[in-house]
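Enquirer: Got a structure for you, questions after.
The values are calculated or read from the model by the stated rules, or taken from the named source; none is laboratory data. Values in this document were obtained by computation on a predicted structure and should not be read as measured data. Neighbour counts are summed over all protein chains in view; Cβ atoms, including those assigned to glycine, are modelled from backbone coordinates with ideal geometry.
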Amino acid sequence: MREKIIYELKTLYRDDMRARAFEFGSGEESVCILGSLRGNEIQQTYVCSQLVKELNILEQKGAIVKDKKITVIPCANPRSINTEKRFWPIDNTDINRMFPGYDVGETTQRIAAGLFENIKSYKYGIQFTSFYMPGRFIPHIRMMSTGEEDVEQAKLFGMPYVVRRKVRPYDTTTLNYNWQLWETKAYSVYTTTTADIDEASAKQGIKSVLHFLKCIGVIDESVSTNAGYHSKLLWNTDMVNVRNTHSGIYRPVLQSGQQAEAGDLLARIIDPYTGEITEKIIAPCTGTIFFSHSNPLVYSSTAVVKIVPEN
Amino acid sequence: MIQTVTQADLPCDESLRIKKNRIAPENTDNLKRISIVTGTHGDELEGQYVCYLVQKRINEHPECLNGIIDIYPAINPIGIDSITRGIPAFDLDMNRMFPGDSEGYMLEHIANGIVTDLEGSDVCIDIHASNIFLTEIPQVRINTIFGKKLVPIAEKINIDLIWVHPSATVLESTLAHSMNAVGVPTLVVEMGVGMRITKSYCEQLTDGIFNLMSSLGMWSGEVPNVRKPLVVYDEDPISFLNAEKSGLFVAHTKHWTNVTEGQHIGDIIDPLSGKVLTTVTADCDGILFTIREYPIVDEGSLIGRILPGRELKI
Ligand SMILES: [Zn+2]
């Protein structure tokens, strides 16, 4: 294992901000794995830290295939992590809306440019990322449909689902999209949580990445890996969004990963003053709960539950 | 008449209401309509005072009004209330969710309600105040695809600069883009600085709004003379001065002045060591039209913008 600082930003009073990379094996730039770009992506950082630990053991056993290099960057934005702020502390910009970056531009454009310069020529790019709405996901691989996406390969992660979606205007500035422009096969990996740790899905994330690395011939085939699932392929539009009408206190009954029958109670919304139930959220169809809202408060017309319908 | 344009219930005993005030003569048949919108970014307050000034002048001579003026002072009221640029609790930029969706989640529904209500305006003016970091001369920013239609309107509103900039896909979700796309000519004004009121700029823009009203036959009262703005097109070069060091920026030059190549714009200093970390100088002759206001800078922070090769006649 080699440690390398791939980007550094001097600050006035705080320590210099460093993006620290951990390299395993050597030779061809095979796989780059990125954890957090935002300050609340703690689960994403945690999963990558565990991967660093696992890959270090594998490297010592000689299990990294010759002429293959794996780079893991658990956190590319410690400055935001340390202040528990999702975006860049001074101007609230999102580094993941700044790719491919601009090295003489504004601060977060420079950070994106500095990172991208170091990670753009890998064959595979894996990013642990998060959703802007608070909630819990079934572990899955998410891909943008650029026309070039390789869904068969995405199934090699052995995650429960591979979800595709159409490209939206703002996607063009994300890391995933720019990786694809540079002919890196890019995969976004979602585990269950973001700001808090979910052990079970963290383990799933680690297993899936190691299994993928074995399938693409980057770690030795003698390494025992088993991701566990035959991934189901779907479009994000295949999911049924269940919205609430009322705002209030949100009490979930069923959560991501569980099965729901049409008519099942998914959640209750409670009046914050009287304790009365103001709304019952009912499953409109039978299927698997893919996403469930997790904040104790809920605003009106929120997609609080997303269901993958049966068939 | 104060009306609620769209609303949604918040979790605890409060409704989020977007309000407007319609000022119009009794009979509004066949009258033109101008909408003044502001408060999309909760930390930009210059437009607040313009909303007041426009009404003050109309109230002084209500008989001169021959059109409909709709004033929407707070598109993001919970942002204004909490000194938050975006939308509190969502950490989202209100100006990235238009045209919204009437069937979408709360904020999309609110955004769509605003767009629907603005439809039918003859002109819409969306007033911004830069941000807390930069001071801007009163200007209108126009996406190049709407340039032909909007530049002549922008020339009427007494601003100093029109900046026609290239289109960018991320900007398709702004209020102005959404309104222009449905045929409502919408001008984005940027002026002053966040969290402050620059009275002279607010008066200046108010003069311009009355000039526009007059040119549309909506105002028969007196109209002050308006200035002719500089127009900068897409292909014109603009020089950006970015901080080369993180530190405390102290300006030595005022904005909206002529500068010469090598001129001292300011210093980035380190209060801990008492040293000047770097000197910021103009990289060309021209007009300094943007200057850093918020002193703390990171490497890369924007310090100023220069229009090369132009000169202000003083
Ligand atoms: Zn603004």
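Enquirer: Quick check, is A:ASP264 under 21 Å from B:ALA89 (Cα atoms) and either in the same structural domain as A:ASP196 (by TED's automatic domain parsing) or among the acidic types (Asp, Glu) (or both)? It would help to see each step written out before you state the result.
Expert: On the way: under 21 Å from B:ALA89 (Cα atoms): no; either in the same structural domain as A:ASP196 (by TED's automatic domain parsing) or among the acidic types (Asp, Glu) (or both): yes.
Against the criterion (under 21 Å from B:ALA89 (Cα atoms) and either in the same structural domain as A:ASP196 (by TED's automatic domain parsing) or among the acidic types (Asp, Glu) (or both)), A:ASP264 does not qualify.
Enquirer: Taking the range A:229-275 as the region of interest, how many residues are in contact with an Asp or Glu (Cβ under 9 Å, 6 or more places away or on another chain) and farther than 30 Å from A:MET143 by Cα?
Expert: Residues in the range A:229-275 being in contact with an Asp or Glu (Cβ under 9 Å, 6 or more places away or on another chain) and farther than 30 Å from A:MET143 by Cα: 10 in total.
One line per residue, one yes/no per condition, for (1) within 18 Å of A:THR191 (Cβ to Cβ); (2) among the charged types (D, E, K, R):
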residue: A:GLU28; (1), (2): no, yes
residue: A:ASN40; (1), (2): yes, no
residue: A:VAL65; (1), (2): no, no
residue: A:ARG79; (1), (2): no, yes
residue: A:PRO89; (1), (2): no, no
residue: A:ILE95; (1), (2): no, no
residue: A:MET98; (1), (2): no, no
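Enquirer: Examine the range B:228-248 for a residue that is in contact (Cβ under 8 Å) with a residue 40 or more places away in the chain, farther than 28 Å from A:THR107 by Cα and in contact with a Ser or Thr (Cβ under 7 Å, 6 or more places away or on another chain), and state whether such a residue exists.
Expert: So far as the range B:228-248 goes, no, none of its residues is in contact (Cβ under 8 Å) with a residue 40 or more places away in the chain, farther than 28 Å from A:THR107 by Cα and in contact with a Ser or Thr (Cβ under 7 Å, 6 or more places away or on another chain).
Enquirer: What is the residue count in the range B:103-112 for residues that are more than 10 Å from every other protein chain (Cβ to nearest Cβ) and among the small types (Gly, Ala, Ser)?
Expert: Adding up the residues that qualify gives 1.
Enquirer: In the range B:79-114, what residues are of a type in the set (Val, Ile, Thr) and within 16 Å of the ligand (Cβ to nearest atom)? Walk me through how you get there before you give the answer.
Expert: Taking the range B:79-114 as the starting set, the residues that turn out to be of a type in the set (Val, Ile, Thr) are B:80, B:83-84, B:87, B:110, B:114.
The answer is B:ILE80, B:ILE83, B:THR84, B:ILE87, B:ILE114.
Enquirer: What are the residue pairs meeting all of these: first residue in the range B:165-189, first residue touching a residue at least 60 places away in the same chain (Cβ under 8 Å) and crowded, with 21+ Cβ neighbours inside 10 Å, second residue among the small types (Gly, Ala, Ser) and part of a helix (DSSP H, G or I), Cβ atoms under 7 Å, and 6 or more apart or on different chains?
Expert: Partner pairs satisfying both residue conditions: B:THR186/B:ALA176; B:LEU187/B:ALA154; B:VAL188/B:ALA176.
Enquirer: Can you pull out every residue in the range B:71-92 that is more than 14 Å from every other protein chain (Cβ to nearest Cβ) and hydroxyl-bearing (Ser, Thr, Tyr)?
Expert: Selection gives B:TYR72 alone.
Enquirer: A further question follows. Can you tell me which residue among B:ILE18, B:ILE34, B:ILE71 is more than 23 Å from B:PHE210 (Cβ to Cβ), in the same structural domain as B:TYR105 (by TED's automatic domain parsing) and β-branched (Val, Ile, Thr)? If you could, list the steps in order and put the result at the bottom.
Expert: Working: B:ILE34 fails: more than 23 Å from B:PHE210 (Cβ to Cβ); B:ILE71 fails: more than 23 Å from B:PHE210 (Cβ to Cβ).
When all the criteria are applied, what remains is B:ILE18.
Enquirer: Can you tell me which residue within the range A:74-111, out of those that are assigned to a helix (DSSP H, G or I) and without any contact (Cβ under 8 Å) to a residue 24 or more places away in the chain, is surrounded by the fewest Cβ atoms within 10 Å (Cβ to Cβ)? Walk me through how you get there before you give the answer.
Expert: Of the residues in the range A:74-111, the ones assigned to a helix (DSSP H, G or I) are A:78-81, A:95-97, A:107-111.
In the following step, the residues that additionally are without any contact (Cβ under 8 Å) to a residue 24 or more places away in the chain were identified as A:108-109.
Working: A:THR108: 26, A:GLN109: 22.
Among those that are assigned to a helix (DSSP H, G or I) and without any contact (Cβ under 8 Å) to a residue 24 or more places away in the chain, it is A:GLN109.
Enquirer: Let me ask something else about it. Please go through the range B:128-145 and give me each residue that is among the charged types (D, E, K, R) and either more than 27 Å from B:VAL250 (Cα to Cα) or near the ligand (Cβ under 10 Å from one of its atoms) (or both), ordered by number. Working first, answer last.
Expert: At the first step, the residues of the range B:128-145 found to be among the charged types (D, E, K, R) are B:136, B:141.
If the condition is that a residue be among the charged types (D, E, K, R) and either more than 27 Å from B:VAL250 (Cα to Cα) or near the ligand (Cβ under 10 Å from one of its atoms) (or both), then B:ARG141 is the only one that fits.
Enquirer: Something else now. Please pick out the residue among A:TYR177, A:TYR187 that is more than 14 Å from chain B (Cβ to nearest Cβ) and of a type outside the set (A, V, I, L, M). Don't jump to the end; show me each part of the working.
Expert: On the way: A:TYR177 fails: more than 14 Å from chain B (Cβ to nearest Cβ).
Among A:TYR177, A:TYR187, only A:TYR187 is more than 14 Å from chain B (Cβ to nearest Cβ) and of a type outside the set (A, V, I, L, M).
Enquirer: Output the number of residues of the range B:106-120 satisfying the condition of being closer than 18 Å to B:MET218 by Cβ and buried (at least 21 other Cβ atoms within 10 Å of the Cβ). Let's see the steps before the verdict.
Expert: Looking only at the range B:106-120, we keep the residues that are closer than 18 Å to B:MET218 by Cβ, and these are B:118, B:120.
Of the ones still in play, those that are also buried (at least 21 other Cβ atoms within 10 Å of the Cβ) are B:118.
Summing the residues that are closer than 18 Å to B:MET218 by Cβ and buried (at least 21 other Cβ atoms within 10 Å of the Cβ) in the range B:106-120 gives 1.
Enquirer: With respect to A:TYR187, is the statement that it is within 23 Å of A:ALA227 (Cα to Cα) and at pLDDT 95 or above true? Break it down stepwise before answering.
Expert: Working: within 23 Å of A:ALA227 (Cα to Cα): yes; at pLDDT 95 or above: yes.
Taking the combined requirement at face value, the residue satisfies it.
Enquirer: Just one of the numbered conditions (1) free of Cβ contacts under 8 Å to residues at least 12 places away in the same chain; (2) touching a His at 6+ places or on another chain (Cβ under 8 Å); (3) among the hydroxyl-bearing types (Ser, Thr, Tyr) is not true of B:TYR105; which one?
Expert: Failed condition: (2).
Enquirer: Could you list, in sequence order, all residues of the range B:85-108 that are of a type in the set (S, T, N, Q) and more than 20 Å from A:THR302 (Cβ to Cβ)?
Expert: B:ASN95
Enquirer: Spot the failing condition for B:ILE125; the list is (1) more than 14 Å from chain A (Cβ to nearest Cβ); (2) within 16 Å of the ligand (Cβ to nearest atom); (3) touching a His at 6+ places or on another chain (Cβ under 9 Å), and only one is missed.
Expert: Unmet for B:ILE125, out of (1) more than 14 Å from chain A (Cβ to nearest Cβ); (2) within 16 Å of the ligand (Cβ to nearest atom); (3) touching a His at 6+ places or on another chain (Cβ under 9 Å): (3).
Enquirer: Another one. Say whether the condition of being more than 12 Å from chain A (Cβ to nearest Cβ) and more than 29 Å from B:MET218 (Cα to Cα) is met by at least one residue in the range B:168-176.
Expert: We begin by selecting, within the range B:168-176, every residue more than 12 Å from chain A (Cβ to nearest Cβ); these are B:175-176.
Then keep just the ones that are more than 29 Å from B:MET218 (Cα to Cα); that gives none.
No, the range B:168-176 has no match at all.
Yes or no, residue by residue, for (1) at pLDDT 95 or above; (2) within 14 Å of the ligand (Cβ to nearest atom); (3) surrounded by fewer than 21 Cβ atoms within 10 Å (Cβ to Cβ):
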site: B:ILE2; (1), (2), (3): yes, no, yes
site: B:LEU16; (1), (2), (3): yes, no, yes
site: B:ASN21; (1), (2), (3): yes, no, yes
site: B:ALA24; (1), (2), (3): yes, no, yes
site: B:GLY39; (1), (2), (3): yes, yes, no
site: B:GLN48; (1), (2), (3): yes, yes, yes
site: B:LYS56; (1), (2), (3): yes, no, yes
